[in-house]
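The values are calculated or read from the model by the stated rules, or taken from the named source; none is laboratory data. Bear in mind that the values here come from a model prediction, so they are computed numbers and not experimental data. To get the accessible areas, we keep the full protein, side chains included, count just its heavy atoms, and leave off ligands, DNA and RNA. Shrake-Rupley method; radii C 1.70, N 1.55, O 1.52, S 1.80 Å.
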Amino acid sequence: MILSLWVLLLTVCLWAQPSSTNKTEKAAIRRAKNLIVSSFDRSLPNVSLEFFLKNEGEGAQIKWEVNDCGEQNGSLATNDRRDPPMCVEAEFEAKNRTAVTVLVSVGTFKGGPSGVPALLRVTITDLSGISRPVRHLGDLPMELQRPAPRLPRDVPDPVGALSSVPNHGRIGPSAV
């Protein structure tokens, strides 16, 4: 009987914990979506971050995610004693198949969404996987219109490199 009660209590505690975490994450994402972009860059209008990103992404689906701003070091003993920052990351794929990531600090994990939010990073990743930072959120529209860098199509083999053309048993310069 006591064992059954203990298992029931443990199950309820484990079930209740994710819902509070889930509520905190939902509140953090809601806060990030509603941030006014002109608070990050005065050249931008007084619209929400969600509206701004949907507009710049031309209606692309935005993935919102809560994370620790990349600060966890993997040491549980150290991480348990401090309150890591809480960030919301918004990510979408633009029409030109360029990935855009925006990272905003919205509070801490123990304190929840609180304090003054800060724009930490805006990154564009092109089709080749090369990421480049965007200095100001107001530069994002221009950066999304920038054509992708062209890569050389046929790069000559360096001097002394082995040729991939088989020589069929011939030796000498005529073999290539």
For this session: Would you tell me the accessible area of Ile36, worked out with a 1.4 angstrom probe on the heavy atoms of the protein chains, in Å² to the nearest 10?
Result: 70 Å²
For this session: Subtract the Cα-Cα distance of Ile36 and Thr123 from 0.36 nm times their separation in residues, and report this length gain in nm to one decimal.
Result: 29.4 nm
Exercise. Going from most exposed to least, what order do Glu143, Glu58 have by accessible area with a 1.4 Å probe?
Worked result: Glu58, Glu143
